[in-house]
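Asks: One structure, pasted below without further comment.
The values are calculated or read from the model by the stated rules, or taken from the named source; none is laboratory data. The structure presented is a predicted model; accordingly, all values stated were derived computationally and were not measured. Cβ: placed from backbone, ideal geometry, glycine included. Neighbour counts: every protein chain shown. In case anyone asks, the SASA skips ligands and DNA or RNA and just uses the protein heavy atoms, side chains included. Shrake-Rupley method; radii C 1.70, N 1.55, O 1.52, S 1.80 Å.
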Amino acid sequence: MVSRWVVLTAVCGIWAVSGCGSESKPTASSSVEGVVTLNGADLIEGGTVNFTSPATGNAAIAMVGPDGKFVVVGGMVPGEYKVTVTPLAPTPEHPAPKESSVPDKYRSPVTSDLTSKITSGKNELKFELKS
C-alpha cells in the first residue's frame, strides 16, 4: 500500500510545477503617444483615439488635446490594432458640443482604415485624417 506521504509529496510536487492555475496576462509594456491631423493641420477640437485588437480584444483609449496630441495613459500591450477617432461626447457641462470635423469614416471600426502595430518600448504615431 502506498503511504500517504508519498501521495502527498507527489501532489505537492505536481502543484508546485504547474503553478497556481492562473493564466499569464500580457502586460502594458509599450508607451504610445502621437498626433492626429485633419487635412494636414492638427485636429484641435479634442476627441479620442481608440485602439482595439481584433485578435486579442485588448483595447486602449487616449484623449486628443487641443494641439492634436494624445498619450495612452498606462501604456499598451504590443500587437496589431484597429484605430478609430471619435469626437467629444456630450457631457452635463457641454450637452451640445460643436459640430465635429472628424469625418464619419474614422469613427467606426467597420469603416476606418487606420491601423497601428504597437511594439515593445516607445511608439510615436501620426494619424492623418482626410475629409
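Asks: Return the residues of segment 77-130 that are farther than 18 Å from residue 32 by Cβ and among the charged types (D, E, K, R); say none if nothing qualifies.
Replies: Scanning segment 77-130 gives 93, 98, 99, 104, 105, 107, 113, 130.
Asks: Return yes when residue 126 is open to solvent by 80 Å² or more (accessible area, probe 1.4 Å), on the phi < 0 side of the Ramachandran plot and assigned to a strand (DSSP E or B) and no when it is not. Spell out how you get there, then give the answer.
Replies: Working: open to solvent by 80 Å² or more (accessible area, probe 1.4 Å): yes; on the phi < 0 side of the Ramachandran plot: yes; assigned to a strand (DSSP E or B): yes.
Criteria met by residue 126.
Asks: For segment 100-122, name all the residues that are of a type in the set (Gly, Ala, Ser) and touching a Gly at 6+ places or on another chain (Cβ under 8 Å). Quick ask: steps written out before the conclusion?
Replies: Filtering segment 100-122 down to residues of a type in the set (Gly, Ala, Ser) leaves 100-101, 108, 112, 116, 120-121.
Of everything in segment 100-122, just one residue is of a type in the set (Gly, Ala, Ser) and touching a Gly at 6+ places or on another chain (Cβ under 8 Å), namely 100.
Asks: Just to verify a result, which residue in segment 62-105, among those that are among the hydrophobic types (A, V, I, L, M, F, W, C) and either in a loop (DSSP other than H, G, I, E, B) or free of Cβ contacts under 8 Å to residues at least 24 places away in the same chain (or both), is farthest from residue 118 (Cα to Cα)?
Replies: Taking segment 62-105 first, the residues among the hydrophobic types (A, V, I, L, M, F, W, C) are 62-64, 70-73, 76-77, 83, 85, 88-89, 96, 102.
From the residues that got through so far, the ones that are either in a loop (DSSP other than H, G, I, E, B) or free of Cβ contacts under 8 Å to residues at least 24 places away in the same chain (or both) too are 63, 72-73, 77, 88-89, 96, 102.
Numbers: 63: 18, 72: 12, 73: 14, 77: 7, 88: 25, 89: 27, 96: 34, 102: 23 Å.
My answer is 96.
Asks: Among the residues of segment 108-123, write down those that are open to solvent by less than 30 Å² (accessible area, probe 1.4 Å) and not polar (S, T, N, Q). Steps first, please.
Replies: If we filter segment 108-123 for residues that are open to solvent by less than 30 Å² (accessible area, probe 1.4 Å), which is where we start, we get 112, 114, 116, 118, 123.
Result: 114, 118.
Asks: Of the residues in segment 25-49, how many are at pLDDT below 95, buried (at least 18 other Cβ atoms within 10 Å of the Cβ) and more than 16 Å from residue 107 (Cα to Cα)?
Replies: Here the count works out to 1.
Asks: What pairs come out if I take residues in segment 50-61 that are closer than 18 Å to residue 105 by Cα and pair them with residues that are open to solvent by 30 Å² or more (accessible area, probe 1.4 Å) and among the charged types (D, E, K, R) whose C-beta lies under 9 Å away, six or more apart or interchain?
Replies: From segment 50-61, the pairs are 50/82; 51/82; 52/82.
Asks: Say whether the condition of being at pLDDT below 95 and of a type in the set (Ser, Thr, Tyr) is met by at least one residue in segment 73-93.
Replies: Yes: one or more hits.
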